[in-house]
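Taking it in order: structure first as structure tokens, then the write-up.
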Amino acid sequence: MTRPILLRNGRVIDPSRGLDQTADVLLADGKIAAVGPGLGAPDGAEIRDVRGLVVAPGLVDVHVHLREPGNEDEETVASGARAAAAGGFTAVCAMPNTDPVTDNQAAVGFIVRQSVRAGLARVYPIGAVSVGQKGERLAEFGEMVGAGAVAVSDDGKPVASGHLMRTALEYARTFNIPVADHCEEPTLAAGGAMHEGLVATRLGLKGIPAAAEEIMVARDILLAEHTGGHVHLCHMSTRGSVELIRRAKERGIRVTAEVTPHHLTLTDAACEQYDTHAKMNPPLREPADVTALGRGLREGVIDCIASDHAPHAYDEKEAAFDEAPFGIVGLETAFGVAYTALVQGGVLTLPQLLARMSAVPAEVFHLPGGTLALGAVADVCVFDVTAPWVVRSADFQSKSRNTPFAGRELVGQAAVTLVAGRVVHERQPSSRPPQPH
Amino acid sequence: MTSALGKDLVGLEYLTADQIRLILDTAEPFKEVSERPIKKVPALRGKTIVNLFFEASTRTRISFEFAEKRLSADTVNVAASGSSVSKGETLVDTAKNLEAMRIDMVVIRHGASGAARFLGERIRSNVINAGDGKHEHPTQGLLDMLTIRDKLGTIDGVKVCLVGDILHSRVARSNLWGLSKLGAQVAVCGPRTLLPRGIEDLGVTVFARIEEAIEWADVLNVLRLQLERMERGFIPSLREYYRVFGVTVERLAKVQRPLVIMHPGPMNRGVEIDSRVADGPHSMILDQVTNGVAVRMAVLYLLAGGRPELADAAKGAGGE
């Protein structure tokens, strides 16, 4: 149905197989049909010369908020999938804190249908751990998995009850899905607006101590060990969490973890001037945390990068810091922020970064994609990792603009994004950077 | 119009030592205005000032209002209850509506830290912070400094200890910035549960015991213990607080030299401060209140573009 596409002369990086060479990639029938130098083009194939660009598996984001149903003015499945494609993502996992909560098979099925209808990046639903995310009764994991859920989480709210977390981890084993937890001890974090530290003291804002996260990381690790379940720790933000996960992995406990581009690059200093675009939960921490998170990512203690894309209407963030909601959009800046800070900053190589944004997250959540192996889904992204570009939130495909990176000059941008061998995003000439002099 | 203080007064952290000295010096001639039979000078005649109080306040609101009226400004008071704010209007909408009525200044008290800055960045009028959450209460800091300078002749080198709930106190933060900029040594003393994290990194000495603080200090600025804090579990009981941290005659008697005692009010007698201390000979608590009007007159005058060297003349031109 779709024309085959031959991507010629790109730097082909497939972290799932350790491949990094100049080659061609042929996509046909929605699959990776061939990878190698000097491929012939089949009849009717569209040939694209991608010399100077990087051809890699499409990125996979296991943590986004798409606001549909309930807050479609902020984001929909379709607009989120478009933003994802613009950011080089071919698959994203949508958290269930919608309104109503995605806590049953009908709600999960709705997300799947909206995703298919949009026909852009794939959107996989994550079901709620508890009915209504109330932290009381288990939601119907089995039915939700049957309808297409790939994980369960009460993200946005921590699973406060140790008993609920334990039963969730045990019960999820039947379906071999991860339980993704937002680690936050609620009584320590209550009323907090930013990291507890010197900046919060100066600004007169209530802090969220690092211990609020680490206590729950430790609890979840112990419960994963006790139950044999797979716990996935969302958006890690502290150096203490990195150490807890390192020790757990050494003991062979089934724990995986993610970190956001902003926690890898920004500190609580970004909250100065009461900038509500620096208000997120978990909060931006200290320079030593940023360093430890980057090192943890390089060493594989932290498995993957996830954006925690959290759209909010502009006027919600146009408020006093205490009164503004947590969260920032991230899909369209994730790769650029990560490439600029981590690859140009010497923390990761490009193949390592691509692994942490495609192959590994796909593996952690058991998703197709994240590989250029023959016969795999043709979810591919062509990246430009040479030309600088400037973040202009007005150009976002997302419906929301709440980013702390507006105006930043970055390197690393999706030039073409393909899902199932079909182009779902192509960088517009208007957003191309000016030619270097 | 850019005044010697900039457009807004958000906090003492953002002022230079010279700007703080300028305010204190400008307050001096304004003190006398309040001592006249006819307490009015024309310095701000024709200026419109809105006192926008989202939180309850008696002392600060009345003090600002007197300062404004004694400078001949036209003033309007807006309290959160009974206004459009209680109908869900946002802060920025309230401010923009006020500005659409062509006002010159807004004095704002708000429960959210950063609210005054937020407002100042969005409206053209001058904004004066009359207390924003746990952040700053700059005019309180200034009047405390003026009171210390009156009493001790200088601020440089004076040892000032803030006692009590530092964590939730905007007064503490304004004192800390202002006093350190003018060369005072600043310490804090209170239960660890009520001291903010990282306070030592701001160059502040921390005393665990009130006895040590009294031994060290020239001035005690005793902060109000907000009673709701006890319910949130920061301290076990008011009785115990008084027993461990109360500023009492007995504790003060242990040192030979007299300490200057200050309190920003409203006081909880018998909780953070012994009545005999509050009413005693070294208490400057009512002087603070008197100075509050003069300091606020100075701030209003300077922000309105008044030239400091003319403050004396400005007041002389009116009155009788």
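The values are calculated or read from the model by the stated rules, or taken from the named source; none is laboratory data. All values reported here derive from a predicted model rather than from experimental measurement. Don't worry about glycine lacking a Cβ; one is built from the backbone with ideal geometry, like all the others, and counts go over all protein chains shown. Areas reflect the complete protein model, heavy atoms only, side chains present, ligands, DNA and RNA absent. Shrake-Rupley method; radii C 1.70, N 1.55, O 1.52, S 1.80 Å.
When the Cα convex hull of segment A:347-405 is projected onto planes of every orientation, the mean area is 6.2 nm².
Comparing each chain alone with all protein chains together (probe 1.4 Å, DNA, RNA and ligands left out), the residues of segment A:196-244 losing at least 30 Å² of accessible area are A:196, A:198, A:201, A:202, A:204. Under 23 Å Cα to Cα from residue B:159, which lysines show up? Leave out anything in the same chain fewer than 8 places away. Counting by Cα, and skipping residues close in sequence, residue B:159 has these lysines nearby: B:151, B:181, B:254.
Normalised Debye scattering of chain B at q = 0.09, 0.16 Å⁻¹ gives log10 I(q)/I(0) of -0.45, -1.33, counting only Cα atoms as equal scatterers and leaving out solvent.
Taking Rh as the Kirkwood radius computed over C-alpha pairs, what is the Stokes-Einstein D of the protein assembly as shown at 4 °C in a medium of viscosity 1.567 mPa s, expressed in µm² per second? Show your work: numbers first, answer last.
Numbers: Rh = 28.6 Å.
Once the numbers are plugged in, D ends up at 45 µm²/s.
Under the convention that each Lys and Arg Cβ holds +1 and each Asp and Glu Cβ holds -1, the size of the dipole of chain A around its Cα centre is about 1020 debye. Legend: distances between Cα atoms for A:317/B:96; A:134/A:249; A:134/B:134; B:31/B:134; pairs beyond 22 Å are A:134/A:249; A:134/B:134; B:31/B:134. For segment A:1-160, give the share of DSSP beta bridges that are antiparallel, in percent and rounded to the nearest 5; count only bridges with both residues there. Just about 50 percent of them are antiparallel.
Relative contact order for chain B: 24 percent, from Cα pairs under 8 Å spaced at least 6 residues apart, divided by residue count.
With charges set only on the Cβ (+1 for Lys and Arg, -1 for Asp and Glu), what does the dipole of the protein assembly as shown come to about its Cα centre, in debye to the nearest 20? Numbers along the way, then the final one.
Values: 81 positive and 91 negative charges, 172 e Å.
So the dipole magnitude of the protein assembly as shown works out to roughly 820 debye.
Return the calculated 222 nm mean residue ellipticity for chain A, to the nearest 500 deg cm²/dmol, obtained by summing -39500 (n - 2.57) across DSSP H runs with n ≥ 4 and dividing by the residue count. Rounded to the nearest 500, it is -7500 deg cm²/dmol.
So which trypsin sites (Lys or Arg not before Pro) in segment A:261-336 end up in coil per DSSP with only 10 or fewer other C-beta atoms within 10 Å?
Working: sites: A:279, A:285, A:295, A:298, A:317; in loops: A:279, A:285.
Sparse-neighbourhood loop trypsin sites (Lys or Arg not before Pro): none present.
Take the Cα radius of gyration of segment A:196-298 and divide it by 2.2 N^0.38 Å, with N its residue count; two decimals is plenty. Could the numbers behind the result be given before it?
Working: Rg = 14.4 Å, N = 103, 2.2 N^0.38 = 12.8 Å.
Output field value: 1.12.
Relative contact order for chain A: 20 percent, from Cα pairs under 8 Å spaced at least 6 residues apart, divided by residue count.
For chain A, compute the orientation-averaged projected area of the C-alpha convex hull (one quarter of its surface), in nm².
Taking a quarter of the hull surface, the average projection is 19.8 nm².
Tell me, what is the FRET efficiency for residue A:422 and residue A:173 to the nearest 0.05, using R0 = 30 angstrom and their Cβ-Cβ distance as r? Don't skip to the end; give the middle numbers.
Details: r = 36 Å, r/R0 = 1.20.
The value I calculate is 0.25.
When the Cα positions of B:195, B:131, B:225 are compared along the charge dipole of segment B:115-229, B:131 comes out farthest toward the positive end, with charges on each C-beta of Lys, Arg, Asp and Glu. Ligands, DNA and RNA left out, the accessible area of segment B:80-207 computed with a 1.4 Å probe is 46% carbon and sulfur.
A crude spin-label estimate for the pair residue A:72 and residue A:390, with each label 7 Å from Cα along the Cβ direction, gives 3.6 nm. Extension gain for the segment residue A:31 to residue A:137, taken as residue separation times 0.36 nm less the Cα-Cα distance, is 34.1 nm to one decimal. From the alpha carbon centroid of segment A:365-401 to that of segment A:108-138 is 21 Å.
For peptide B:201-208, compute the average count of partner chain beta-carbon atoms within 10 Å of each residue's beta-carbon. The partial results should precede the final answer.
Details: counts 4, 3, 0, 0, 0, 0, 0, 0.
What the average comes to for B:201-208 is 1.
Kirkwood hydrodynamic radius of segment B:102-158, from the reciprocal of the average inverse Cα-Cα distance over all distinct pairs: 12.7 Å.
If I model a spin label as a point 7 Å beyond the Cα along the Cα-Cβ vector, how far apart are those points for residue B:267 and residue B:40 in nm? My value for the distance between the label points is 3.4 nm.
Rounded to the nearest 5, what % of DSSP beta bridges with both residues in segment B:30-185 are antiparallel? If I count the DSSP bridges inside segment B:30-185, around 5 percent turn out antiparallel.
Let me know the shape class of segment A:22-158, please: from the alpha-carbon gyration tensor, a ≥ b ≥ c as square roots of the eigenvalues, rounded when a/c is under 1.5, otherwise prolate if a/b is greater than b/c, or oblate.
Working: a/c = 2.79, a/b = 2.49, b/c = 1.12.
In terms of gyration-tensor shape, prolate.
Run the Debye formula on the Cα coordinates of segment A:278-422, all scatterers equal and no solvent, and tell me log10 I(q)/I(0) at q = 0.10, 0.15, 0.16, 0.19 1/Å. Reported log10 I(q)/I(0), two decimals: -0.39, -0.88, -1.00, -1.33. Given +1 at the Cβ of Lys and Arg, -1 at the Cβ of Asp and Glu and no other charges, the dipole of chain B around its Cα centre is 440 debye to the nearest 20. For segment A:150-235, the share of alpha carbon pairs falling in successive 10 Å distance bins from zero is 19, 45, 23, 11, 2 percent.
By DSSP, what percent of the beta bridges with both residues in the protein assembly as shown are antiparallel, rounded to the nearest 5? Can you show the working numbers first?
Values: 33 of 96 bridges.
Here the share of antiparallel DSSP bridges comes out near 35 percent.
How big a patch of accessible area, both sides summed and in Å² to the nearest 100, lies buried between A and B at a 1.4 Å probe?
In total, this chain pair buries about 1600 Å².
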